[in-house]
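**Q** Here you go, one structure.
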Amino acid sequence: MTRKEIIIGFFVGVIAATFGLIIAIQIFGKSDDWGEVVSQAIRNGTLTKLMSIGALLNLGAFFLFLKKNQDHRAKGVLIATLLIFITTMVIKFVN
């Protein structure tokens, strides 16, 4: 049961970060075309910043799960956040 709860939390974290990235693209993007905004962010080196802003939604999911005493789901959100952090660092240092 706990492994299933961690996986659910992980997917909630990934989905929340994805929605956060989409919101960040909508707010900070200079175009209506998401592909253009992402490619421009890659060229400018700001994609990692957009990803970090997007991951902020994981804070809400994390604390919501803690408030509901769903610690294993909160652990899954934390794992997703750490994976996003590692991905962000890899992208930042490869470019």
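No value in this document is a laboratory result; all are computed from the given coordinates. Small disclaimer: the values here were computed from a predicted structure and weren't measured. So basically every Cβ, Gly included, is an ideal-geometry build from the backbone, and we count neighbours across all protein chains shown.
**Q** Which condition breaks for Phe65 when tested against (1) surrounded by 13 or more Cβ atoms within 10 Å (Cβ to Cβ); (2) not in a helix (DSSP H, G or I)?
**A** The one condition Phe65 does not meet is (2).
**Q** Continuing with the same structure: Report whether or not Arg73 is loosely packed, with under 13 Cβ neighbours inside 10 Å and part of a helix (DSSP H, G or I).
**A** Taking the combined requirement at face value, the residue does not satisfy it.
**Q** I've got another one for you. Suppose we keep only residues that are among the β-branched types (Val, Ile, Thr) and over 25 Å from Gln26 (Cα atoms) within the stretch 36-95. Which one would you say is nearest to the chain's Cα centre (by Cα)?
**A** This residue is Ile79.
**Q** Filter the stretch 1-20 for residues that are closer than 14 Å to Phe85 by Cβ and without any contact (Cβ under 8 Å) to a residue 60 or more places away in the chain and give the result.
**A** Gly20
**Q** Could we say that Ile42 is touching a residue at least 24 places away in the same chain (Cβ under 8 Å) and either in contact with a Phe, Trp or Tyr (Cβ under 7 Å, 6 or more places away or on another chain) or among the basic types (Lys, Arg) (or both) here?
**A** So Ile42 does not fit the description; no.
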